[in-house]
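Below is one structure, written out as C-alpha coordinates; the observations come after it.
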Amino acid sequence: MAERSFPCPICGEILEKHEGKAECMFCGEKEEADYICPNGHFRCEECRLAGPKEIIERTCKNYDGTEPIELAPLIMKHSSFNAHGIEHHLLVAPVILTICRNSGIDVSSKKIKTAMKRLEDIPYGACGSRGACGACESAGVAVSLITGASFRSGEERSLALRTTSNSLKAIAEMGGPRCCKQSVYASIEQAISILKEEYDLDDIEDFKCPFAGDIEGCKEERCIYYG
Ligand SMILES: [Zn+2]
Ligand SMILES: [Zn+2]
(Lines give C-alpha, C1' and ligand atoms only; values in the text may rest on other atoms or scores of the structure.)
(Ligands and ions follow the chains in the order given, each with its own letter.)
Protein backbone atom coordinates (compact mmCIF):
# COMPACT_ATOMS: atom_id res chain seq x y z
CA MET A 1 0.00 0.00 0.00
CA ALA A 2 1.36 3.40 -0.98
CA GLU A 3 2.22 5.62 1.92
CA ARG A 4 -0.18 8.50 2.47
CA SER A 5 1.05 12.06 2.31
CA PHE A 6 -0.28 14.96 4.36
CA PRO A 7 -0.01 18.61 3.34
CA CYS A 8 1.06 21.22 5.91
CA PRO A 9 -2.09 23.13 6.96
CA ILE A 10 -0.02 26.33 7.12
CA CYS A 11 1.86 26.33 3.80
CA GLY A 12 0.68 23.26 1.86
CA GLU A 13 4.11 21.55 1.59
CA ILE A 14 4.03 17.78 2.08
CA LEU A 15 4.90 16.89 5.69
CA GLU A 16 8.04 14.82 6.25
CA LYS A 17 8.55 12.02 8.77
CA HIS A 18 10.27 13.20 11.92
CA GLU A 19 11.73 11.69 15.05
CA GLY A 20 11.99 13.39 18.42
CA LYS A 21 10.54 16.65 19.63
CA ALA A 22 9.59 19.73 17.61
CA GLU A 23 8.74 23.24 18.74
CA CYS A 24 5.19 24.50 18.32
CA MET A 25 5.07 27.58 16.06
CA PHE A 26 2.26 29.08 18.16
CA CYS A 27 2.97 28.41 21.84
CA GLY A 28 6.65 27.40 21.64
CA GLU A 29 6.18 24.16 23.59
CA LYS A 30 8.20 21.13 22.52
CA GLU A 31 6.33 17.93 21.80
CA GLU A 32 7.03 14.56 20.14
CA ALA A 33 6.37 14.97 16.41
CA ASP A 34 5.89 12.12 13.91
CA TYR A 35 5.62 14.55 11.01
CA ILE A 36 6.93 18.05 10.42
CA CYS A 37 6.72 20.55 7.57
CA PRO A 38 9.99 21.11 5.63
CA ASN A 39 9.43 24.83 6.36
CA GLY A 40 9.51 24.10 10.09
CA HIS A 41 5.77 24.44 10.76
CA PHE A 42 4.64 22.31 13.67
CA ARG A 43 1.61 22.65 15.95
CA CYS A 44 1.43 20.95 19.35
CA GLU A 45 -1.75 19.03 20.10
CA GLU A 46 -3.23 21.74 22.37
CA CYS A 47 -2.72 24.39 19.69
CA ARG A 48 -4.01 22.11 16.95
CA LEU A 49 -7.28 21.74 18.86
CA ALA A 50 -7.52 25.35 20.07
CA GLY A 51 -10.31 27.76 19.14
CA PRO A 52 -9.61 31.43 18.29
CA LYS A 53 -9.49 32.74 21.89
CA GLU A 54 -7.22 29.99 23.10
CA ILE A 55 -4.80 30.26 20.17
CA ILE A 56 -4.63 34.05 20.60
CA GLU A 57 -3.80 33.63 24.29
CA ARG A 58 -1.27 30.84 23.78
CA THR A 59 0.55 32.61 20.94
CA CYS A 60 0.62 36.04 22.60
CA LYS A 61 1.96 34.50 25.82
CA ASN A 62 4.86 32.93 23.91
CA TYR A 63 5.71 35.84 21.57
CA ASP A 64 8.63 37.98 22.77
CA GLY A 65 9.10 40.35 19.82
CA THR A 66 7.69 43.79 19.05
CA GLU A 67 6.58 43.40 15.41
CA PRO A 68 2.83 43.09 14.76
CA ILE A 69 3.70 41.92 11.23
CA GLU A 70 5.09 38.73 12.80
CA LEU A 71 2.43 38.14 15.44
CA ALA A 72 -0.90 39.00 13.76
CA PRO A 73 -0.44 36.96 10.55
CA LEU A 74 0.94 34.01 12.55
CA ILE A 75 -2.28 33.79 14.58
CA MET A 76 -4.44 34.35 11.49
CA LYS A 77 -2.75 31.30 9.89
CA HIS A 78 -4.29 29.08 12.57
CA SER A 79 -7.06 26.79 11.34
CA SER A 80 -9.62 28.42 13.68
CA PHE A 81 -9.30 31.65 11.67
CA ASN A 82 -11.46 31.98 8.59
CA ALA A 83 -10.69 34.35 5.72
CA HIS A 84 -13.14 36.78 7.36
CA GLY A 85 -15.03 36.55 10.65
CA ILE A 86 -15.60 37.78 14.19
CA GLU A 87 -12.41 36.10 15.43
CA HIS A 88 -10.57 39.08 13.88
CA HIS A 89 -12.32 41.39 16.37
CA LEU A 90 -10.77 39.37 19.21
CA LEU A 91 -7.28 39.43 17.69
CA VAL A 92 -6.40 43.14 17.38
CA ALA A 93 -6.37 44.11 21.08
CA PRO A 94 -4.28 41.12 22.27
CA VAL A 95 -1.70 41.77 19.53
CA ILE A 96 -1.39 45.45 20.55
CA LEU A 97 -1.25 44.54 24.26
CA THR A 98 1.48 41.97 23.56
CA ILE A 99 3.60 44.41 21.53
CA CYS A 100 3.25 46.93 24.39
CA ARG A 101 4.11 44.30 27.04
CA ASN A 102 7.23 43.33 25.07
CA SER A 103 8.17 47.01 24.77
CA GLY A 104 8.29 47.37 28.56
CA ILE A 105 4.75 48.65 29.29
CA ASP A 106 3.02 46.98 32.24
CA VAL A 107 0.44 44.64 30.63
CA SER A 108 -0.75 41.58 32.54
CA SER A 109 -2.07 38.45 30.80
CA LYS A 110 -5.39 39.20 32.52
CA LYS A 111 -5.77 42.24 30.25
CA ILE A 112 -5.66 40.01 27.17
CA LYS A 113 -8.54 37.95 28.60
CA THR A 114 -10.46 41.10 29.55
CA ALA A 115 -9.98 42.55 26.06
CA MET A 116 -11.49 39.49 24.40
CA LYS A 117 -14.42 39.49 26.84
CA ARG A 118 -15.20 43.10 25.90
CA LEU A 119 -15.21 42.21 22.20
CA GLU A 120 -17.01 38.90 21.96
CA ASP A 121 -20.51 40.35 21.45
CA ILE A 122 -19.74 42.29 18.25
CA PRO A 123 -21.54 40.56 15.37
CA TYR A 124 -20.12 39.73 11.97
CA GLY A 125 -20.61 42.52 9.43
CA ALA A 126 -20.93 45.29 12.04
CA CYS A 127 -18.79 47.48 9.75
CA GLY A 128 -21.66 47.57 7.28
CA SER A 129 -24.65 47.28 9.63
CA ARG A 130 -23.49 49.62 12.42
CA GLY A 131 -20.78 51.67 10.79
CA ALA A 132 -18.34 50.36 13.40
CA CYS A 133 -15.85 47.62 12.54
CA GLY A 134 -15.04 45.23 15.40
CA ALA A 135 -11.31 45.34 14.62
CA CYS A 136 -11.34 49.14 15.11
CA GLU A 137 -13.20 48.79 18.41
CA SER A 138 -10.62 46.18 19.39
CA ALA A 139 -7.87 48.77 18.87
CA GLY A 140 -9.87 51.13 21.12
CA VAL A 141 -10.14 48.39 23.76
CA ALA A 142 -6.35 47.91 23.76
CA VAL A 143 -5.71 51.62 24.30
CA SER A 144 -8.43 51.78 26.96
CA LEU A 145 -6.85 48.87 28.87
CA ILE A 146 -3.34 50.29 28.63
CA THR A 147 -4.33 53.76 29.86
CA GLY A 148 -7.01 52.50 32.28
CA ALA A 149 -9.74 54.55 30.61
CA SER A 150 -13.40 54.53 31.60
CA PHE A 151 -16.42 56.61 30.58
CA ARG A 152 -15.51 59.01 33.39
CA SER A 153 -11.89 59.62 32.34
CA GLY A 154 -10.58 62.63 30.49
CA GLU A 155 -7.50 62.19 28.35
CA GLU A 156 -7.52 58.39 28.54
CA ARG A 157 -11.06 58.23 27.19
CA SER A 158 -10.14 60.63 24.39
CA LEU A 159 -7.17 58.45 23.41
CA ALA A 160 -9.39 55.35 23.20
CA LEU A 161 -12.04 57.20 21.18
CA ARG A 162 -9.42 58.65 18.84
CA THR A 163 -7.93 55.19 18.29
CA THR A 164 -11.27 53.72 17.26
CA SER A 165 -12.23 56.72 15.13
CA ASN A 166 -8.84 56.96 13.38
CA SER A 167 -9.05 53.22 12.62
CA LEU A 168 -12.59 53.57 11.25
CA LYS A 169 -11.53 56.51 9.11
CA ALA A 170 -8.56 54.56 7.70
CA ILE A 171 -10.80 51.61 6.83
CA ALA A 172 -13.52 53.83 5.35
CA GLU A 173 -10.96 55.48 3.08
CA MET A 174 -9.67 52.09 1.89
CA GLY A 175 -13.09 51.31 0.39
CA GLY A 176 -15.08 48.10 0.22
CA PRO A 177 -15.87 45.30 0.29
CA ARG A 178 -14.84 44.39 3.82
CA CYS A 179 -11.58 42.58 4.33
CA CYS A 180 -11.01 41.48 7.93
CA LYS A 181 -7.26 41.13 7.32
CA GLN A 182 -7.05 44.73 6.06
CA SER A 183 -9.07 45.95 9.07
CA VAL A 184 -6.70 44.12 11.45
CA TYR A 185 -3.60 45.72 9.90
CA ALA A 186 -5.08 49.23 9.74
CA SER A 187 -6.40 49.14 13.32
CA ILE A 188 -3.09 47.94 14.75
CA GLU A 189 -1.23 50.69 12.86
CA GLN A 190 -3.59 53.40 14.12
CA ALA A 191 -3.41 52.17 17.74
CA ILE A 192 0.39 52.01 17.74
CA SER A 193 0.57 55.48 16.23
CA ILE A 194 -1.67 56.90 19.03
CA LEU A 195 0.17 54.98 21.77
CA LYS A 196 3.51 56.34 20.53
CA GLU A 197 2.35 59.81 21.60
CA GLU A 198 2.31 58.62 25.23
CA TYR A 199 4.69 55.64 25.43
CA ASP A 200 8.15 54.74 24.28
CA LEU A 201 7.37 52.37 21.40
CA ASP A 202 9.54 51.56 18.38
CA ASP A 203 8.34 52.10 14.81
CA ILE A 204 6.62 49.00 13.46
CA GLU A 205 7.35 47.39 10.12
CA ASP A 206 4.79 47.99 7.33
CA PHE A 207 2.29 45.16 6.94
CA LYS A 208 2.46 43.01 3.80
CA CYS A 209 -0.48 40.63 3.69
CA PRO A 210 0.55 36.96 3.38
CA PHE A 211 -3.06 36.06 2.48
CA ALA A 212 -3.20 38.48 -0.47
CA GLY A 213 -4.95 37.09 -3.51
CA ASP A 214 -5.93 33.86 -1.70
CA ILE A 215 -9.03 35.10 0.06
CA GLU A 216 -12.50 35.94 -1.17
CA GLY A 217 -12.97 39.68 -1.60
CA CYS A 218 -9.21 40.49 -1.73
CA LYS A 219 -8.92 43.96 -3.21
CA GLU A 220 -5.49 43.15 -4.64
CA GLU A 221 -3.88 46.31 -6.15
CA ARG A 222 -6.56 48.43 -4.44
CA CYS A 223 -5.18 47.39 -1.02
CA ILE A 224 -2.10 49.09 0.49
CA TYR A 225 -1.08 45.80 2.14
CA TYR A 226 -1.08 43.83 -1.12
CA GLY A 227 2.10 42.47 -2.64
ZN1 LIG B 1 4.39 24.38 6.34
ZN1 LIG C 1 1.39 24.89 20.81
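The values are calculated or read from the model by the stated rules, or taken from the named source; none is laboratory data. Because the structure is a prediction, the values reported are computed rather than measured. Virtual Cβ from ideal backbone geometry, glycine too; neighbours counted across all protein chains shown. For the accessible areas, the whole protein counts, side chains as well, though only heavy atoms, and no ligand, DNA or RNA atoms are used. Shrake-Rupley method; radii C 1.70, N 1.55, O 1.52, S 1.80 Å.
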Would you confirm whether any residue within region 70-77 is open to solvent by 40 Å² or more (accessible area, probe 1.4 Å) and in a loop (DSSP other than H, G, I, E, B)?
-> yes
Single residue of region 27-54 satisfying the filter (more than 13 Å from ligand 1 (Cβ to nearest atom) and part of a loop (DSSP other than H, G, I, E, B)) that is surrounded by the fewest Cβ atoms within 10 Å (Cβ to Cβ) | ASP34
Answer residue from region 123-142, given it is aliphatic (A, V, I, L, M) and closer than 17 Å to ALA72 by Cα and is most open to solvent (accessible area, probe 1.4 Å) among those | VAL141
If we ask which residues in region 9-53 are within 15 Å of ligand 2 (Cβ to nearest atom) and either under 20 Å from GLU70 (Cβ atoms) or among the basic types (Lys, Arg) (or both), their number turns out to be 23
Which residues, taken from region 176-216, are of a type in the set (A, V, I, L, M), crowded, with 19+ Cβ neighbours inside 10 Å and closer than 16 Å to PHE81 by Cβ?
-> VAL184, ILE188
Give me the pairs: first residue in region 186-208 and farther than 19 Å from HIS89 by Cβ and touching a residue at least 40 places away in the same chain (Cβ under 8 Å), second residue among the acidic types (Asp, Glu) and surrounded by fewer than 20 Cβ atoms within 10 Å (Cβ to Cβ), beta-carbon distance under 6 Å, and six or more apart or on different chains, which are they?
-> GLU205/GLU67
What about THR66, is it open to solvent by less than 80 Å² (accessible area, probe 1.4 Å), more than 15 Å from ligand 1 (Cβ to nearest atom), closer than 20 Å to PRO210 by Cβ and in a loop (DSSP other than H, G, I, E, B)?
-> yes
Could you list, in sequence order, all residues of region 143-154 that are hydrophobic (A, V, I, L, M, F, W, C) and buried (at least 19 other Cβ atoms within 10 Å of the Cβ)?
-> VAL143, LEU145, ILE146, ALA149
All positions within region 6-26 that are within 21 Å of ASP214 (Cα to Cα), in contact (Cβ under 8 Å) with a residue 12 or more places away in the chain and open to solvent by less than 50 Å² (accessible area, probe 1.4 Å) = CYS8, ILE10
Which members of region 60-100 meet the condition of being of a type in the set (D, E, K, R) and touching a residue at least 60 places away in the same chain (Cβ under 8 Å)?
-> GLU67, LYS77
Looking at this structure, is CYS60 within 12 Å of ligand 2 (Cβ to nearest atom), closer than 18 Å to ILE99 by Cα and in contact with a helix residue (DSSP H, G or I) (Cβ under 6 Å, 6 or more places away or on another chain)?
-> no
